[in-house]
């Protein structure tokens with residue numbers, strides 16, 4: 001049931017992304033090939049799906065938010081390409097394939113990331129059928145939460161505070177690095193549908209809960225997951241002496257934490273008006289994922 | 001006269017940039033310091049000034065376009081930081097100072113560039129006092145012309161076609177790599193002021209002329225400029241065996257070309273309604289610049 005629903009969404013999102021980042025024979029075709037390599041590497045499209053579901057929950061009309069949903073996926077993809085670069089995490093494997101810079105070289109991976117980020121905002125700005133007031137409000141949120149006080153800030157904390165990480169800073173890093181894009185997805189969906197401020201606040205809290213749970217599960221999978229299913233190297237946190245929730249609390253305690261956060265997220269969904277059954281399914285799916 | 005005018009603009013732009021990218025004591029403060037290092041490294045602010053002048057020419061009300069003008073400068077700055085990285089041009093000097101990655105390391109330079117790019121669109125989206133329709137139209141133009149079919153495309157051509165560059169491809173590269181941001185400046189100024197499509201077309205052609213002239217002058221300065229005034233290494237094109245208009249036509253012919261392009265740009269300004277005296281001064285200043 002949930003699998004079929006996700007598959008339907010994934011197909012529609014992939015079709016739109018294929019239109020938004022078309023193959024080309026122009027002189028700059030190499031960078032487009034590099035962009036498409038990472039965009040179509042088999043991502044689960046969790047973020048755009050969340051955006052579309054929250055948009056629907058608050059009364060948004062069907063396909064209008066697809067551009068914005070794809071913009072969020074493009075930002076997610078750029079962040080993975082840049083994070084894998086030698087000067088960052090230096091990862092050679094991503095989604096079971098060579099990382100972008102292994103395949104296309106560092107210069108092209110840098111430019112492909114820059115291109116996806118640059119174009120994501122144009123894609124978002126070309127959201128049709130929704131008032132430009134709401135679109136600029138959502139773009140403002142998208143920018144703020146993927147910049148230094150959001151996703152990039154999380155990456156900076158990760159880069160700068162390797163040894164001396166405290167639990168408090170670690171939680172802030174999780175909230176920013178992983179939580180920010182999930183928050184963007186939930187909130188921008190709500191904003192584009194014209195949701196009120198109180199509902200938007202609830203969406204933010206929901207996303208913070210699942211964002212924290214998401215990162216804890218990532219940490220668990222990094223030490224006990226299946227490399228083939230995950231499509232990336234496991235044990236990298238341990239190898240890099242990274243402090244994670246798992247290294248502080250151990251796997252079992254972390255599983256309980258993730259479960260508790262998920263239940264809190266489900267309670268928030270219950271408190272919202274409208275049919276949240278699908279969102280609940282997705283929320284539970286995120287907890288149980290194996291990759 | 002022109003110096004005083006530019007200085008006044010520069011001060012106002014710097015004040016706004018200082019508000020838009022404030023110093024912080026947050027856990028991600030390192031990346032903000034790195035952003036500010038390059039943003040306040042002494043840029044001439046040509047692009048935002050052009051945007052503000054075109055905005056005024058088409059009847060825009062005073063300070064409303066400052067955010068958008070600063071967004072263009074932020075994109076210009078990110079592009080310089082990423083271009084200087086070891087995997088790109090590997091330049092250690094910029095505006096007379098160590099390049100961003102020399103000062104802050106590669107990881108932080110990458111993230112500072114990403115942050116400036118990400119935040120530029122949020123800054124643009126927070127343009128107040130101008131209708132959101134025009135703001136989203138301008139953001140669409142900004143994104144399209146700084147992405148693969150604009151500035152990044154130019155960089156890709158530069159990176160991919162080192163040896164086998166033809167004059168035709170070289171011109172395309174100039175138009176994209178240098179011309180795109182000048183085009184964005186002129187056109188977005190006009191768009192934000194609500195200019196008609198015909199005028200916008202003329203702004204594009206004007207910017208293409210000065211963009212081409214600008215790059216030719218850059219090439220001339222690279223082989224015969226003053227390293228101290230320029231604040232960057234000269235002779236790098238020659239050292240890297242780069243084909244440029246100067247390597248094809250020689251300095252004297254190139255000076256004539258730049259002069260001719262500037263005259264054509266001045267003619268276009270003449271054909272526009274309104275007071276274009278200041279824009280003409282700026283256009284001539286760009287031709288005569290020594291850095």
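No value in this document is a laboratory result; all are computed from the given coordinates. Keep in mind that what you see is a predicted model, and the values were worked out from it rather than measured. Here the Cβ positions follow ideal geometry from the backbone for every residue, glycine too, while neighbour counts run over all protein chains shown.
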- Message: Distances in nm, one decimal, shortest first, from residue A:237 to the same residue in every other copy, taking the label point 7 angstrom along Cα→Cβ.
- Response: 5.2
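What's the long-distance tail for region A:2-288, i.e. % of Cα pairs beyond 27 Å?
Result: 38 percent of Cα pairs exceed 27 Å.
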- Take B:46, B:210, A:102 and order them by how many other Cβ atoms sit within 10 Å, fewest up front. A:102, B:46, B:210
- Neighbouring Cβ atoms within 10 Å as the yardstick, rank B:45, A:95 fewest first. A:95, B:45
- Item | Neighbour-count ranking [beta-carbon atoms within 10 angstrom, fewest first] of B:40, B:121 | B:40, B:121
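Percent relative contact order of chain A, based on C-alpha pairs within less than 8 angstrom and at least six residues apart? Don't skip to the answer; put the middle values down first.
On the way: 393 pairs, mean separation 56.6, N = 291.
So the answer I get is 19 percent.
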- Note on the structure: Shortest first and in nm, the label-point separations between residue A:271 and its counterparts in the other identical copies (7 Å out along Cα→Cβ) come to 6.2
- Message: With the alpha-carbon atoms as the only input, what is the per residue convex hull volume for region A:116-270 in Å³?
- Response: 135
- For B:20-28, what's the mean count of beta carbons from other chains sitting within 10 Å of each residue's beta carbon? 4
- Query: Add -39500 (n - 2.57) for each DSSP H run of 4 or more in the protein assembly as shown, then divide by its residues: what number comes out at 222 nm, to the nearest 500 deg cm²/dmol?
  - Reply: -23500 deg cm²/dmol
- Partner shielding of A:122-131, as the mean number of partner chain Cβ atoms within 10 Å, equals 4
- For the protein assembly as shown, just list the percent of Cα-Cα distances falling in each 20 Å bin from zero outward, please. 21, 54, 23, 3
- Between copies, how far apart are the residue A:133 label points? List them in nm, one decimal, shortest first, with each point 7 Å from Cα toward Cβ, please? 1.4
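For region A:1-81, build the convex hull from the C-alpha positions and give me its volume per residue in Å³. Could the numbers behind the result be given before it?
Working: hull volume 7.2 nm³, N = 81.
Once divided by residue count, the hull of region A:1-81 is 89 Å³.
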